[in-house]
Amino acid sequence: MSVGYLSKLERSIIENVSVTVLLRIAKLLDVTLNDLVSNTNKTTEHPRPNQNELNKLLDNMSFQTSEQLSLNIINSIKLLKQ
């Protein structure tokens with residue numbers, strides 16, 4: 001994988017990326033594929049410790065419980081925006 005190719009990926013010039021390429025990048029960075037793709041829009045300049053803690057807590061719950069709690073949080077935020 002060339003530096004130019006990686007640069008184009010970072011700048012979203014290349015939009016169709018194979019899972020194989022993403023897995024190679026994740027392995028080289030020593031992160032999971034999920035971490036690689038889910039962090040693409042997060043900035044590292046402004047860490048969000050409370051959001052990270054919430055994500056960890058939700059990850060440790062059952063699927064049904066975490067989904068219901070997430071929905072409750074989303075609905076609460078939507079109410080605050082009104």
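Selection over the range 20-34 of residues that are without any contact (Cβ under 8 Å) to a residue 12 or more places away in the chain and open to solvent by 80 Å² or more (accessible area, probe 1.4 Å) gives a count of 7. Residues that are aliphatic (A, V, I, L, M) and more than 19 Å from Ile77 (Cβ to Cβ) within the range 51-60 are absent altogether.
The values are calculated or read from the model by the stated rules, or taken from the named source; none is laboratory data. The model shown is predicted, which means the values in this text are computed figures rather than measured ones. When we count neighbours, we look across all protein chains shown, and the Cβ atoms used for this are built from the backbone with ideal geometry, even at glycine. SASA here: full protein model, heavy atoms, side chains in, ligands and nucleic acids out. Shrake-Rupley method; radii C 1.70, N 1.55, O 1.52, S 1.80 Å.
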